[in-house]
Amino acid sequence: MTATVSTTNTPLNASPVSGRMSFGRKAKAYLALTKPRVIELLLVSTLPTMIYAQRGFPSIGLILATLVGGAFAAGSAGAFNCYIDRDIDKLMHRTENRPLVTGEVTPREALVFSWLLGAAAMAILWFGANPLSAWLGLGAIVFYVVIYTMILKRRTAQNIVWGGAAGCFPVLIAWAAVTNTVEWPAVVLFMVIFLWTPPHYWPLSMRYGEDYRNANVPMLGAIAGAKVVSVQVVLYAWAMVACSLLMIPAGHAGWVYTVTAIAAGAWFLYESHALYNRAQSGDVSNKGAMKVFHGSISYLTLLFLALAVDPFVGSALMAG
C-alpha cells in the first residue's frame with residue numbers, strides 16, 4: 001500500500017464547501033493543517049532545553065527564532081502529513097473534519113502551503129540561530145513526512161516507534177541553536193522522547209482502534225489486543241524513566257530535575273501498570289487508555305519544566 005500524491009483539487013468529502021469562504025475561516029483551515037496541538041507539545045520541550053543548554057536564559061532573539069522556526073518546521077510536516085493522508089483521514093471519525101476532507105483547503109493549496117512553511121522554517125533557523133539547527137529542522141520534516149507518513153505508517157505496527165523519532169528533533173534543534181553542536185545531554189533528551197512516544201500514542205490508538213482498522217492503518221492498538229499493547233506500554237515506560245535519569249551523570253542535572261524525574265516517572269509507571277493490570281483482567285476501557293495518554297503529556301510537561309528550573313536551583317548532583 002502506498003501513499004497517494006495526487007495534486008487534484010477535487011475535495012474528498014461528499015459535500016464540499018461551496019462558495020467563497022471568509023478570510024478568517026480560510027486562515028483557521030490553514031492553521032488546522034499544521035496540527036497546532038502537536039506543535040504545542042513539541043514547543044514544551046524546546047524552550048526548557050534551550051535554557052538548560054545555556055544554563056540560563058538565551059537571548060530573546062534566539063529564543064523567538066528557534067521557537068518560531070521549530071513551530072514552522074513542525075507545521076510544515078503536519079501539513080504534508082494531512083496532504084498525503086487525506087484519503088485515509090476521510091475514513092476516520094477522529095480526522096474527518098480536517099480541512100482537506102471538508103474541502104476548506106484544496107490539495108494543491110495544502111501542498112504549496114507545506115513547502116512555503118518548510119522553506120520559512122529553514123530560513124528562520126538558519127539566519128536566526130545557525131545552519132546546524134536549520135539542517136536538523138529539515139531532518140525533522142523529512143523524517144516525519146517520508147520515513148513515517150510515506151513509508152512506515154501504512155505498512156507496520158512499529159510505525160509510531162521509528163516514525164515518532166521526528167518528534168524528538170526539537171530537543172536537538174534547541175540544543176544546537178544555543179551551542180551550535182549536539183552533545184550527550186541532547187541525545188539523552190532525544191531518547192527520552194523517543195521512548196515516551198509509544199506509551200503516549202498506543203493508548204490513543206486503543207481508543208481509536210476502529211478508526212485505524214477502517215482506514216487499514218496497522219497501529220498497534222488497532223491490530224493487537226489490549227493485553228499485548230499494555231505490556232509494550234509498561235516496557236517502554238520503564239525504559240523511558242530509566243533513560244530520563246541518565247541526565248544526572250550525562251547532563252549534570254541537579255536535584256530539581258532529579259526529584260521530578262523520579263516522582264513523575266514513578267507516577268507514570270503506576271498508571272502504566274494500572275492499565276496493564278486492567279488489560280490482563282479483561283477490564284480495560286477507552287477511559288482507562290486515555291488516562292494513560294493524557295498522563296503521558298503531563299509527565300513530559302513536568303519533566304521539561306523541571307529541566308528549565310534546574311539550572312537556577314542548586315548545583316549538579318554529579319560533577320563533571
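The values are calculated or read from the model by the stated rules, or taken from the named source; none is laboratory data. In this text, all values refer to a predicted model and were calculated from it rather than measured experimentally. Here the Cβ is made from the backbone with ideal geometry for all residues, glycine too, and neighbour counts use every protein chain on show. Accessible surface areas use protein heavy atoms only, side chains included; no ligands, DNA or RNA. Shrake-Rupley method; radii C 1.70, N 1.55, O 1.52, S 1.80 Å.
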Return, ordered by residue number, the residues of region 207-234 whose backbone nitrogen is under 18 Å from a label point located 7 Å along Cα→Cβ of His273.
-> 230-234
Pick out, in residue order, every one of the trypsin sites (Lys or Arg not before Pro) in region 21-57 that is DSSP loop and has at most 12 other C-beta atoms within 10 Å; say none if there are none.
-> Arg55
Out-of-range pairs (alpha-carbon distance over 19 Å; input Lys28/Lys287; Lys35/Lys90; Lys90/Lys291; Lys35/Lys227; Lys35/Lys153) = Lys28/Lys287; Lys90/Lys291; Lys35/Lys227
At what distance in angstrom do the alpha carbon centres of region 121-162 and region 247-320 lie from each other?
-> 26 Å
For Met318 and Ala266 in the same chain, what is the full-extension length gain: residue separation times 0.36 nm, less their Cα-Cα distance, in nm?
-> 16.5 nm
Over region 112-171, relative contact order from alpha-carbon pairs under 8 Å, at least 6 apart, % = 28 percent
The extension gain from Ser22 to Trp255, computed as 0.36 nm times the residue separation minus the Cα-Cα distance, is 78.6 nm
Förster radius 41 Å - calculated FRET efficiency between Glu210 and Ile60 (Cβ-Cβ, nearest 0.05) | 0.30
In the full protein assembly as shown, how much of Ile60 is accessible to a 1.4 Å probe, in Å² to the nearest 10?
-> 120 Å²
If contacts are Cα pairs under 8 angstrom and at least 6 residues apart, what is the relative contact order of the chain in percent?
-> 19 percent
Everything considered on the Cα gyration tensor (a ≥ b ≥ c; rounded for a/c under 1.5, else prolate if a/b is larger than b/c, else oblate), the chain must be described as oblate
Select from the chain the helices, each a whole stretch of DSSP H, whose alpha-carbon atoms run 20 Å or more along the helix axis and whose Kyte-Doolittle mean is at least 0.0; answer none if there are none.
-> 36-54, 60-84, 107-128, 184-207, 226-244, 255-280, 286-309
